[in-house]
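Below is one structure, written out as structure tokens; comments come after it.
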Amino acid sequence: MKYVNKPIKNQEVRTMLSLKIQNKKFHVVAALFLITAITVATINFLPSKSETKANASWVNHYTDTKALTDKSDLIVIGKVIDSVPEKRVDMIFTMQNIKIDKYVKGEKVADDTVKVLQTGGELNGKKTVEFEDSPLFKINDKYLLFLEKTTEGYYLVSGGYQGLGKIVDGKVKVNVDGDEIGKVFKNKSIEDVEDIISKDLGKK
């Protein structure tokens, strides 16, 4: 039995090419669809960043430097050497490690280092916004701090924003200069502020 090669007509050629092209298009479209599906699925499973805003309502508010000084267990000048965010209840806080350069009030502490807890920070995609009048300390910056010790052993800033001042070029920069404490400490040299504290402590 003989097989005869029949000539392929132009129409048949066009039909075969069309089928091949359509087949390739199908595979391309299918591949694009699969890539899109994977991308969407990946985005959906990525952890989303949530943000919480804390409302400030300070328990203690002082109207003069003597009250602030008397209430504080420790008054120091120190530099931030480490910041560690941590979750408490449903908010993020930051534990600041302060290396003390000078004690203005209070007994010497172990390793001359204290832990100060501040509201605000970011951990595992969750963020709690810091207070505008009490921003988070920055590593390597130096501060004057009025501190109250907690039962857990760490410290809190006395009077919220009132008990802290960033030291820049030997002067104290307060966060709220219209406050009673801020008006006294604003732009004063650290030596002048120490003199005020010494008078409040009855040393001068």
Quiz item: Which peptide among 81-90, 137-146, 122-131, 100-109 comes first, and what is the full order, when sorted by highest mean count of other Cβ atoms within 10 Å?
Solution: 137-146, 122-131, 100-109, 81-90
Self-check item: Per-selection metrics, the stretch 52-200 (Cα): Rg and Dmax in Å
Solution: 14.6, 47
Quiz item: Viscosity 0.890 mPa s, temperature 25 °C: Stokes-Einstein D of the stretch 85-171 from its Kirkwood Cα radius, in µm² per second?
Solution: 177
Practice problem: Could I have the simple spin-label model distance between residue 95 and residue 141, label points 7 Å from Cα toward Cβ, reported in nm to one decimal? | Solution: 2.2
Exercise. Beyond 27 Å between alpha-carbons counts as too far, so tell me which of 127/183; 108/142; 105/138; 108/183; 102/138 fall in that bin.
Key: 127/183; 108/183
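Every number in this text was worked out from the coordinates using simple rules, so none of it is lab data. Fair warning: this is a prediction, and the values are worked out from it, not measured in the lab. Methodologically, a virtual Cβ is constructed for each residue, glycine included, from the backbone with ideal geometry; neighbour enumeration extends over all protein chains shown.
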